[in-house]
Amino acid sequence: MAGEPMFPRIALIGLGLIGSSIAWAAKRGGLVGHVAGSARSAETLAKAVELGFCDSVHDDPAEAVAGADLVILCVPVGAMENIAKSIAPALKPGAIVSDVGSVKQAVIAAVAPHLPAGVEFIPAHPIAGTEHSGPESGFAELFEGKWFILTPIPGASEAATAKLRAFLEAMGANVDEMTPEHHDLVLAVTSHAPHLIAYTMVGVADHMRRVTSTEVIKYSAAGFRDFTRIAASDPTMWRDVFLNNKDATLEILGRFTEELFALQKAIRAGDGDTLFDYFTHTRAIRRGIIEAGQDTAAPDFGRRPSKPGE
Ligand code: NAP
């Protein structure tokens, strides 16, 4: 690439799906000079070297961040505080520190108090992912056309925020800003509560399976298969999301339960008009998502047609 990279040296702490995807996207775009990586296990560090998305790997995160102009914490939400404590003394003055945690208020409370003055903390969250995890699951295109939400805290440097925004946009992402509180409520609706519902539905079917043998799998229609895909997401990540976005998730689950009871009542009462109106409204929401370019209108979400028995 002609010209200077945006950041001569970056450090990624956590080299799973999100960390490795950032590394691939940044390298592909020539956005960074040196990529230093750190993870918990020797296996992940070795895999990062073998796959080639890090220029150096370090079992000590403090060693990885030394001299880095941009540090991104890509570990589960519950691990953020210990990482922040251990890297704080080694951060370069003027460095930008960001994170990709799926919850923002709890991560800010866990990280911000430990960072030294002169370091710019700009919390972030990519609305992009898959149900796969680990260093082999990342790919450069993960963020293309997807949202990255920044939740700057009071007093955040506008220059640092703009620099991080430019980096994320250069990876192909669309960038938006909102308060951490608003982020946590929006994500409780769009991601956290739906995941909990998927986990629950798969749990229910698992109990049924004991009764109906293999029928739940054999005849699983697209609806249930989509639930199983979501419910295959990383258990550590999702445990930490629910423990750290408690209030907003419980608020949305309360509303969900009320709606569920209303539909249950309509079914019991044979109230077809209520059901029809409700489903007409939700169908319009789906159209809106497609028109906004956030999903495909292809049947079965554009997957290949399934074969009988699959
Ligand atoms: P992942 O694939 O499971 O990778 C997690 C990485 O963090 C691994 O390299 C792991 O090291 C390291 N790690 C885990 N616990 C640690 C600890 N206690 N101390 C130090 N390192 C630790 O996870 P991911 O999907 O990339 O998720 C990372 C973050 O992104 C999470 O905060 C999650 O909320 C957020 N996020 C995820 C998605 C998604 O769809 N997956 C989407 C948006 C945001 P080892 O490999 O050595 O164990």
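The values are calculated or read from the model by the stated rules, or taken from the named source; none is laboratory data. Computed from a predicted structure; not experimentally measured. Neighbour counts are summed over all protein chains in view; Cβ atoms, including those assigned to glycine, are modelled from backbone coordinates with ideal geometry.
Total residues in the range 120-136 satisfying the condition of being aliphatic (A, V, I, L, M) and either assigned to a strand (DSSP E or B) or assigned by TED's automatic domain parsing to the domain that holds residue 235 (or both): the figure is 2. Within the range 270-301, being small (Gly, Ala, Ser) and either surrounded by 10 or more Cβ atoms within 10 Å (Cβ to Cβ) or within 30 Å of residue 104 (Cβ to Cβ) (or both) holds for 272, 284, 288, 292, 293, 297. Among the residues of the range 68-90, what is the count of those that are in a loop (DSSP other than H, G, I, E, B), buried (at least 22 other Cβ atoms within 10 Å of the Cβ) and over 18 Å from the mean Cα position of the chain (by Cα)? Final tally of qualifying residues: 1. Scanning the range 33-51 for residues that are touching a helix residue (DSSP H, G or I) at 6+ places or on another chain (Cβ under 9 Å) and either assigned to a strand (DSSP E or B) or at positive phi (or both) gives 35, 36, 37, 38.
For the range 29-57, how many residues are touching an Asp or Glu at 6+ places or on another chain (Cβ under 8 Å) and exposed (fewer than 15 other Cβ atoms within 10 Å of the Cβ)? Number satisfying all stated conditions: 1.
Just to be sure before I move on: is residue 109 among the small types (Gly, Ala, Ser), free of Cβ contacts under 8 Å to residues at least 12 places away in the same chain and not in a strand (DSSP E or B) in the structure I sent? Reasoning before the result, please.
Details: among the small types (Gly, Ala, Ser): yes; free of Cβ contacts under 8 Å to residues at least 12 places away in the same chain: yes; not in a strand (DSSP E or B): yes.
So residue 109 fits the description; yes.
Is it the case, given these coordinates, that residue 71 is away from the ligand (no atom under 12 Å from the Cβ) and in the same structural domain as residue 157 (by TED's automatic domain parsing)?
Numbers: away from the ligand (no atom under 12 Å from the Cβ): yes; in the same structural domain as residue 157 (by TED's automatic domain parsing): yes.
When the stated conditions are applied, residue 71 passes them.
Out of everything in the range 2-32 that is in a helix (DSSP H, G or I) and touching a strand residue (DSSP E or B) at 6+ places or on another chain (Cβ under 7 Å), what residue ends up being farthest from the ligand (Cβ to nearest atom)? Per the stated criteria, the residue is 27. When the criteria are applied in full, residue 35 fails the requirement of being more than 11 Å from the ligand (Cβ to nearest atom), without any contact (Cβ under 8 Å) to a residue 60 or more places away in the chain and closer than 25 Å to residue 183 by Cβ. Taken over the range 52-69, the criterion of being among the aliphatic types (A, V, I, L, M) and out of contact with any helix residue (DSSP H, G or I) (no Cβ under 7 Å at 6 or more places or on another chain) is satisfied by 64, 68. Only one of the numbered conditions (1) buried (at least 19 other Cβ atoms within 10 Å of the Cβ); (2) closer than 27 Å to residue 295 by Cα; (3) within 15 Å of the ligand (Cβ to nearest atom) is violated by residue 106, and that is (2). Residues that are among the basic types (Lys, Arg) number at least 3 in the following helices (runs of 4 or more DSSP H) confined to the range 221-303: 246-269, 272-291.
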